[in-house]
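What follows draws every value from the coordinates through simple rules; no lab data is involved. None of these values were measured; they are calculated from a predicted model. A quick note on method: Cβ atoms are made from the backbone with ideal geometry, for glycine too, and the neighbour counts reach across all protein chains shown.
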Amino acid sequence: MTRWWAGAAAAALLLAFSLRTSLADSDDRVPVDGGPTAGLRVLNGPPPALLAAPGESRLVRREDGTFGALPEIHGRTKIFKLVAREAPWTLRPGLTVLAKTYDGVVPGPTLVVQEGDRVVIDYTNQLNVPDTIHLHGIHGIPPSMDGVAGISQAMVAPHGGHFRYSFVAGKDGTYLYHSHDSEAIVNAGLYGGIIVEPAHPRAVERGLAHDDVEIISAWQIGSATENHFTINGKEYPATQQLEVRRGERVRVRWINISSENSHTMHTHGHDQRVIARDARPVGFDDEEDTVLLGPGQRVDVVITADAQAGTWLVHCHVLDHVQDMNGMPVGLVTAIHYRGTPNVLGSMAAAMRPSEVRPMMAMGVSGSATSKLRSGPSVLQIGMVIGISSALALSLAIGAALAVVFGRKRRRGSRPV
Ligand SMILES: [Cu+2]
């Protein structure tokens, strides 16, 4: 009898603990970034001005909303100066975080070179952590240029460490550079696009009115997992629209540098003609209106502005990436906007009706949340299960202890003297 009670108590305790651990994803319980709270801190106050730091390339605003770095040019060599440093970054009005950046901007500066150029990235690490830069998709280089700490180079020291990455841009296409450290570091803002323009453009690449980089990235704001998503560093309603005139053809270079999430970029009213994947030309007809991008993938498309003039939504079709806890639009939402028509992208939020308030709201979680948290049991349900299990385990344990004590007394009392 005593053994039965003790066994039941142990099983109940095990059940209570296993329920508690299985209901929380392991990532969600581990603080990252070295602090007591997971993820990036939100900064209060007005959005700060962008300030250049010494030793950085000069930046110019591109029409896609990213910043281009102006290189030092010596013949066919282009030298870009990237300084990794913390800087405030505003994802949308009212949401500014202390990001990790290259040259103070997110994404890092877009590097535009021509096929055949020698490209030098003069990298200085002013972060408070060591780091390296990986040249994502750039092949035909020695391992020493691959930017993987412990494999191809030593970590570049914090507070001023320096390294020169150098490669010949031998193949045109869309590439990126990014920190090769942890998810939390990459998701703090350390990535940027590299465009290698073709020496001999294909017919489909000629006569384009715009050549836009659209970098989709994720953030961990007060969270150990991805909970905010941006296009070129901005989330709806602060995203930059694609401005077109009717009849124009536009190249869009989709890049997904989210660490955990795939994205399905859907264009209302327009096809996307896929012309390259991961900087390799696509030679067959591939027309899609929803382009799938896994983490690290690039897809180049050409969109013809052949619809009726107006505003046509462009958004990720993973709805968790385009709505907040109330179902209101946020994140990966932008538009193809025909010039001369009313600018109505921001009006969508005003027109939509908040749906049910989910339990996470009560916990002060802002922005979109991972589907893992949403699709699981509610906080109340989890609490009830843990509470009932713990109470059951406790009462069984007390019962078992009493049974042991009284059992011993009974045995002692029955012992012959
Ligand atoms: Cu998405």
Item to check | Cα gyration tensor shape of the stretch 151-251, rounded if a/c is under 1.5, else prolate or oblate by comparing a/b with b/c | outcome: oblate
Next on the checklist: Can you classify the stretch 218-260 as rounded, prolate or oblate using the Cα gyration tensor, where a ≥ b ≥ c are the square roots of its eigenvalues, rounded means a/c under 1.5, and otherwise it's prolate if a/b beats b/c and oblate if not?
Outcome noted: oblate
Next on the checklist: For a quick check: with amide H placed at 1.01 Å from N, whose amide H comes under 5 Å from residue 168's, ignoring anything fewer than 5 positions away on the same chain?
Outcome noted: 119
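Among rounded, prolate and oblate, which fits the stretch 31-369 when a ≥ b ≥ c are the square roots of the eigenvalues of its C-alpha gyration tensor, a/c under 1.5 means rounded, and a/b larger than b/c means prolate? Walk me through the intermediate numbers first.
Numbers: a/c = 1.76, a/b = 1.08, b/c = 1.63.
Note, shape of the stretch 31-369 comes out oblate.
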Item to check | Sequence-distant residues sharing a close amide H with residue 262 (under 5 Å, placed H) | outcome: none
Item to check | Point-to-point label distance, residue 347-residue 209, nm (Cα→Cβ direction, 7 Å offset) | outcome: 2.1
Item to check | Neighbour-count order for 236, 338, fewest beta carbons within 10 angstrom listed first | outcome: 338, 236
Checklist entry - Can you list residues whose amide H is under 5 Å from residue 323's amide H, if they're 5+ apart or on another chain and H is modeled 1.01 Å from N? => result 330
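If you place +1 on the Cβ of every Lys and Arg, -1 on the Cβ of every Asp and Glu, and leave all else neutral, what size is the dipole of the stretch 140-260 about its Cα centre, to the nearest 20 Debye?
Values: 10 positive and 14 negative charges, 94 e Å.
Here the size comes out at about 460 debye.
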Checklist outcome for this item: residue 157 and residue 43 label points (each 7 Å along its Cα→Cβ direction) are spaced in nm at 2.7
